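Report on one structure; see the data block that follows.
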Amino acid sequence: MPAATPPAVRPDPQVTRWIRHQVAASPPRAPSLIITVWGDAIAPHGGAVLLPGLIRLLQPFGINERSVRTSVFRLAREGWLQATPIGRRSLYRLRADGARRFEQAYRRIYQPAQVRWDDSWEVAIALGLSPGKRRALAKELRWEGFGALETGVFVRPAQAPSELARIAAAHGTADRLVVVRARDDDALGGRRLASTVSQAWNLAGVAADYRRFLRRYGGVIERFRERAPEAHDPEQCFAVRTLLIHDYRRMLLRDPQLPAALLPLDWPGAAAFALCRDFYRLTHRAAERHLLATLEGPRGPLPPAAAPFYARFGGLSR
C-alpha cells in the first residue's frame, strides 16, 4: 500500500501578516537579497539555478521579475555570477571569485565568535595604494574583523588565522601590505591598542543594531516555537529564515566579533547568534522543502545540500 500523502500545512495567518508588514516597512534591495539567498540557500545545492525559479522564489519579498533580471545581470557583471543560456532560459551559477567571496562572508554567519584570545594583535599597513584600491581592501578587511586606526592602518585581535594573505593576493596588494603581530607593552608607556577599540570600531552602533534585530524577530520566532515542526508552512519558514539571515548578515559586516575581553558586559551579539541558530534548527527541513520545490538546476531538480550545510550553527539534523 503506498504511503499516505501528508496533509497540507496551512500557513499561519499571524506569520503571513508579519512577513507582509516587514517587507512593506523595510523593502529589501533586490541585489542584496539575491546575495543572501544565493549564499544561504542556493550555494549548498551546487550554486546554479535557472532564472524562472529564482523569480518565483523572490516574489513573496516584493521583488518583481524585472528587478530579479536586472539584479542578476548586475551581479554577473560584477563577477559574482556567470550566465549560460539553456534553450530560452538562463542558468546562473557562481563564478570562482564569487564562491570565494561567499565563503568568506558566510563563514562568519554560521559559526560562533571565537572566545580565546592571547592579547596579541594583527596590524596591517597599506603602503602607497590608490584611494580606490585602499577602499576595496578596507571593505574586505572589515569583513574579517579589522578596524581602521588611521588611513591605511588596520588592526584586529589575533584570534583564528585571518584571510589577510588571500585577500591581499586577490586585490593585487600583497607587495604593498606590511603585516605584523604586536602586543601591548606597558613598560614602554603610551596608549594600549586595547584602548583604541572605540576609535577603530563603532561598537555602540553595532549593539543598537543587534537589539533592534532581537526585537524585530523575537516575537515571530516564538510563534514558530508554539507549533509542532510538522505544522510549519515551508514557504513561511523559508521567507522568515531569509529575512532573518539577510538582516543578520548585514549586521555581521559591521561587527568585528571582538573577544569578550574587549566588549561591554551586556553585549547582545551572542543573543542574536543564538536566535538565528534556534530558528534555523527549528525550520531548516521545511525551508529546504520549499526551496527544492521552487528551484531548478541545469539537470532539473537541485542536488541535495552538501555536507557543510549540516554543520551550520553547530550541527543540523538531516
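The values are calculated or read from the model by the stated rules, or taken from the named source; none is laboratory data. Keep in mind the model is a prediction, meaning the values are calculated, not measured. As a convention, Cβ positions derive from the backbone with ideal geometry for all residues, glycine included, and neighbour counts pool all protein chains shown. The area values use the complete protein model at the heavy-atom level, side chains included, leaving out ligands, DNA and RNA. Shrake-Rupley method; radii C 1.70, N 1.55, O 1.52, S 1.80 Å.
Observations on the model:
- In the range 241-255, the residue that is nearest to Arg56 (Cα to Cα) out of those that are open to solvent by 10 Å² or more (accessible area, probe 1.4 Å) and in a loop (DSSP other than H, G, I, E, B) is Leu253.
- The test for being over 21 Å from the mean Cα position of the chain (by Cα), in a helix (DSSP H, G or I) and either loosely packed, with under 15 Cβ neighbours inside 10 Å or of a type in the set (Phe, Trp, Tyr) (or both) holds for Arg66.
- Those residues of the range 85-106 which are free of Cβ contacts under 8 Å to residues at least 24 places away in the same chain and either surrounded by fewer than 13 Cβ atoms within 10 Å (Cβ to Cβ) or assigned to a loop (DSSP other than H, G, I, E, B) (or both), in sequence order: Pro85, Gly87, Arg88, Arg95, Ala96
- Failed item, numbered, when Gly152 is tested on (1) in contact with a strand residue (DSSP E or B) (Cβ under 7 Å, 6 or more places away or on another chain); (2) closer than 27 Å to Pro308 by Cα: (2)
- Here Ala169, Ala160, Ala165, Ala174 are screened, and the one residue that is closer than 20 Å to Leu263 by Cα and surrounded by fewer than 15 Cβ atoms within 10 Å (Cβ to Cβ) is Ala160.
Results for (1) of a type in the set (Lys, Arg); (2) on the phi < 0 side of the Ramachandran plot; (3) touching a Lys or Arg at 6+ places or on another chain (Cβ under 9 Å); (4) modelled with pLDDT of 85 or more, shown as yes or no for each residue.
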| position | (1), (2), (3), (4) |
| --- | --- |
| Leu50 | no, yes, yes, yes |
| Leu54 | no, yes, no, yes |
| Phe73 | no, yes, no, yes |
| Glu78 | no, yes, no, yes |
| Ile86 | no, yes, no, yes |
| Ala105 | no, yes, yes, no |
| Arg108 | yes, yes, yes, no |
| Arg134 | yes, yes, no, no |
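- Any chance Ala113 is closer than 26 Å to Asp278 by Cα, in contact with a Phe, Trp or Tyr (Cβ under 6 Å, 6 or more places away or on another chain) and crowded, with 19+ Cβ neighbours inside 10 Å: no
- Top-ranked residue in the range 177-194 [being open to solvent by 70 Å² or more (accessible area, probe 1.4 Å) and at pLDDT 75 or above; ranked as farthest from Gln257 (Cα to Cα)]: Arg191
- Among the candidates Ala293, Ala307, Ala287, the residue that is over 15 Å from Gln111 (Cβ atoms), in contact with a helix residue (DSSP H, G or I) (Cβ under 8 Å, 6 or more places away or on another chain), open to solvent by 60 Å² or more (accessible area, probe 1.4 Å) and hydrophobic (A, V, I, L, M, F, W, C) is uniquely Ala293.
- Any hit, the range 263-270, residues being open to solvent by 50 Å² or more (accessible area, probe 1.4 Å) and under 12 Å from Ala113 (Cβ atoms): yes
- Take the conditions (1) within 20 Å of the chain's Cα centre (by Cα); (2) open to solvent by 20 Å² or more (accessible area, probe 1.4 Å); Ser317 misses just one of them, which is (1).
- None of Ala286, Ala271, Ala293 is assigned to a helix (DSSP H, G or I) and within 27 Å of Pro161 (Cα to Cα) except Ala271.
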